[in-house]
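Report on the following structure.
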Amino acid sequence: MRARQSGEILTRIWEDWKKSVVSKVDVSDVIIAEVAGKAVGFASYKLDDATRIGIVDDNAVLPEYRGRGIGAQLLAQVLQLLEEAGMEFAQVSTGLDEPYAPARRMYERQGFEPLHRSVTYFKELAQRAG
Amino acid sequence: MTQESTEIEIRQAVEADRDTLAKLIVRAFADVTTNRSREEQFGLIGGRTWDEWEADIMRTIDVDRVIVAEAAGTAVGFATYELDDATRIGTVSDNAVLPEFRGRGIGAQLLARVLGLLEEAGMEFAEVSTGSDDPYTPARRMYERQGFRPYFRSVYYMKKLKQGAV
C-alpha cells in the first residue's frame, strides 16, 4: 500500500460534476479523488431521510491508479458523509462475477454484510426483434 | 378443484385500489421480500416494520403503472412497471401472487400483460431483477420461459453506521 501517496490525494465535493454528469440522479452527491490535481476516481451517494439508508452509488478509480487504496479512501469518506447526514445504514450493490471481486473485498473489509443476491434479466420486445 | 376453474381477470389498477393493493403486497410478498430479510438481519429500518415499507410502495405508486389480477372479484395478484423513454427499456418492477393462488399461471399472465403494455408504450426492451436464491426459483423460471436472458448477477450489501449502533 502506498498510503504515503495519500498526501497528494485531495478529495472534495465537485459541484460541476454533480450538475452535469450525474444530473439524472436526484439528491445525489459526488466526491472525487485527485492525484497531483488530476481526477483519478470518484464516488457518488444518495440519502434517504425516511429509511435513513444512505446508498453508496457508482464509484470507480482509473485502472492505472488501482491497487493503492484510493477506492477504500473514497468509500471511507462516503461512509463518514452518510453518518454526518444522519443516516443509520449504508447500502451498496455490486456484481457477483470476477471483475467485481476487488469491489466486494473492499466492501467486506469496511464492514458491509451481504443481504441479498440478485439476477437481472433482459429481453428484446417484439417491435425491436420484428 | 373448483378454485382452479375460477376465471382470472386482469385489469388496470385505479385510485380506489390503493388500500387493497397495500394489503395485497404485504401478503403476497411475506415469504419473498428483501425488506423482511433486511429487518431480520439489521433490525427496524427508519423505525418502521417491513410490512409498513411494503404497503408504502402501493400508497405512493403511480397507479397507471399497476395492473391487478382478480379471481371472482377479489384481488389475488398484481404487477407494476416503469417506462424510460430515453433508453426505451421498460422495467418490470414488483409483482406477486397470493400464496394460495400460485401455481396456476397467474403470475405468467400478469407478466405477459405487462410486456404487452411495454410494447404499446414504445419500449424496445424489458428488464427485470429477482433474487438468485431459492425462494425466487419460480420467478426466475417464469422470466426465462417468457424469453428473458440473465445478464448481470449482483449482491446487495448493508452496514450499520456508528450512530445507528449506539
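The values are calculated or read from the model by the stated rules, or taken from the named source; none is laboratory data. Please read these numbers as outputs of a predicted model, since none were measured by experiment. Positions of Cβ are backbone-derived with ideal geometry, glycine not excepted, and every protein chain shown enters the neighbour counts. With ligands, DNA and RNA removed, areas are computed over all heavy atoms of the protein, side chains included. Shrake-Rupley method; radii C 1.70, N 1.55, O 1.52, S 1.80 Å.
Checked against (1) under 18 Å from A:Asp97 (Cβ atoms); (2) more than 7 Å from chain A (Cβ to nearest Cβ), B:Glu144 meets all criteria but (1).
For the stretch B:35-56, the set of residues classified as open to solvent by 50 Å² or more (accessible area, probe 1.4 Å) and within 14 Å of chain A (Cβ to nearest Cβ) consists of B:Arg36, B:Glu40, B:Gln41, B:Leu44, B:Gly47, B:Arg48, B:Glu52, listed by residue number. Evaluation of B:Val63 against the conditions (1) farther than 28 Å from B:Pro150 by Cβ; (2) within 14 Å of the chain's Cα centre (by Cα); (3) surrounded by fewer than 16 Cβ atoms within 10 Å (Cβ to Cβ) shows that the sole unmet condition is (3). The residue of the stretch B:122-138 that is surrounded by the most Cβ atoms within 10 Å (Cβ to Cβ), among those that are more than 10 Å from chain A (Cβ to nearest Cβ) and without any contact (Cβ under 8 Å) to a residue 40 or more places away in the chain, is B:Pro138.
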